[in-house]
Amino acid sequence: MATTLINSESDLINEIKRSAPYKRFQSQHFKIKVQREQKAWELLKANKGQYNREILENIFDIVDQEGGKSRWFGSLLGTPNRNLIFQSPIGQVSNWIDYVCFSGLDAEVILNNCLDQMKIKGASKGLATLLLYLSDPSKYAIWVNRTYEGLDIIDRMKEKKSGWGAKYAAFNANALEFAHVFSFDYRELDWVLSFIGSYVNSNDSHYEIDEDVLGSSTVPVAVSDEEDDDEIDDMVGEPMELGVMRWTPTNEMGVVALFIEYRRELGFPIVEFIRPQFPDAAVFEQDGKRYVRRYIEFEYRSKGYKSHLTSSRKCHYVVCWEHD
């Protein structure tokens, strides 16, 4: 892939605003995203103090799903993380949500309390700041690993704070300032920062981004906390006996493990290699008495393959857990 070198932050943002992914987001997703978020907030207000699991599942689905199985927030509101949240008593979950949404306290205080003494497993900074954002998008930005990485790449996170509340206060102030400087609607900030965090590299003198990414309207952009270390160790899927695993996979590594376990039943008795580059694996497919080399890309969700559509390398199969 050819790489575009960009010398300044303003030039980078101009390239993103001209890019095919941003135009697609604006034309096909932004209006629907805003409507989903407004509806979710109205339901949070209408059910204040009386949430049950069914109500919260509905709110999570509204804010997260645009159609089918496509999730805006990746693992943040996915089934494994929801299962962790609902392991806590529903009254405790309800109080946590009410506290974040309606206590009226400063965000720094809210984050310190709800991620410390009020901590609920599965409910981390992503969910807390998403709820704050739903209450007032012009005042609160969504803080997940990917949005933080985006802000850090453009060197707007110079101050390194300690403590949940102080870290969010610094992130939030810088994110809102960034939106103001470049005239972004606050409600598109999560997409823009996630795009930068996913596809832009930086060094001391310039930014780098693949030309194919700028030109493709199908590159996936996940606003995700998928690598959040304080949750990932406990994250499991639905109970299911799968030989090497007692739970359904929640990421690409789980898909790889299941493929190795069931490769013979799938018709691929020999694995030549597995690697981190595209395509992920070379195997031999059995065709009668013959064996034919095939290339495989592993994805947790099949839509993740979209980022490879412009590659000239061969890939014969996409192996995934969720086909979306």
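The values are calculated or read from the model by the stated rules, or taken from the named source; none is laboratory data. Keep in mind the model is a prediction, meaning the values are calculated, not measured. Here the Cβ positions follow ideal geometry from the backbone for every residue, glycine too, while neighbour counts run over all protein chains shown.
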Which of the residues spanning the range 12-46 are surrounded by fewer than 13 Cβ atoms within 10 Å (Cβ to Cβ) and more than 21 Å from VAL223 (Cα to Cα)?
LYS45, ALA46
Flag for SER8 being of a type outside the set (D, E, K, R) and either farther than 19 Å from GLU238 by Cα or within 21 Å of the chain's Cα centre (by Cα) (or both):
yes
So, VAL63, is that one touching a residue at least 40 places away in the same chain (Cβ under 8 Å), surrounded by fewer than 18 Cβ atoms within 10 Å (Cβ to Cβ) and over 30 Å from ASP204 (Cβ atoms) or not?
no
State the number of residues belonging to the range 245-266 that are assigned to a loop (DSSP other than H, G, I, E, B) and not polar (S, T, N, Q).
7
Test: GLU42 is touching a Lys or Arg at 6+ places or on another chain (Cβ under 9 Å), assigned by TED's automatic domain parsing to the domain that holds CYS101 and of a type outside the set (S, T, N, Q):
no
If a residue has to be part of a loop (DSSP other than H, G, I, E, B) and either assigned by TED's automatic domain parsing to the domain that holds ASP212 or at pLDDT below 90 (or both) to count, how many in the range 303-315 make the cut?
6
GLY104: at positive phi and buried (at least 16 other Cβ atoms within 10 Å of the Cβ), yes or no?
no
Hey, can you tell me all the residues within the range 110-142 that are in a helix (DSSP H, G or I) and of a type in the set (S, T, N, Q)?
ASN112, ASN113, THR129, SER135
Among the residues of the range 267-280, the number that are exposed (fewer than 13 other Cβ atoms within 10 Å of the Cβ) and part of a strand (DSSP E or B) is 2
Given the range 1-109, what helices (runs of 4 or more DSSP H) lie entirely inside it while holding 1 or more residues that are of a type in the set (Lys, Arg)?
9-18, 20-24, 30-46, 53-64, 79-85
Suppose we filter ARG264, ARG246, ARG293 for residues that are surrounded by fewer than 13 Cβ atoms within 10 Å (Cβ to Cβ) and within 27 Å of ALA222 (Cβ to Cβ); which single one remains?
ARG246
Going through (1) over 26 Å from VAL219 (Cα atoms); (2) surrounded by fewer than 16 Cβ atoms within 10 Å (Cβ to Cβ) one by one, VAL283 fails only at (2)
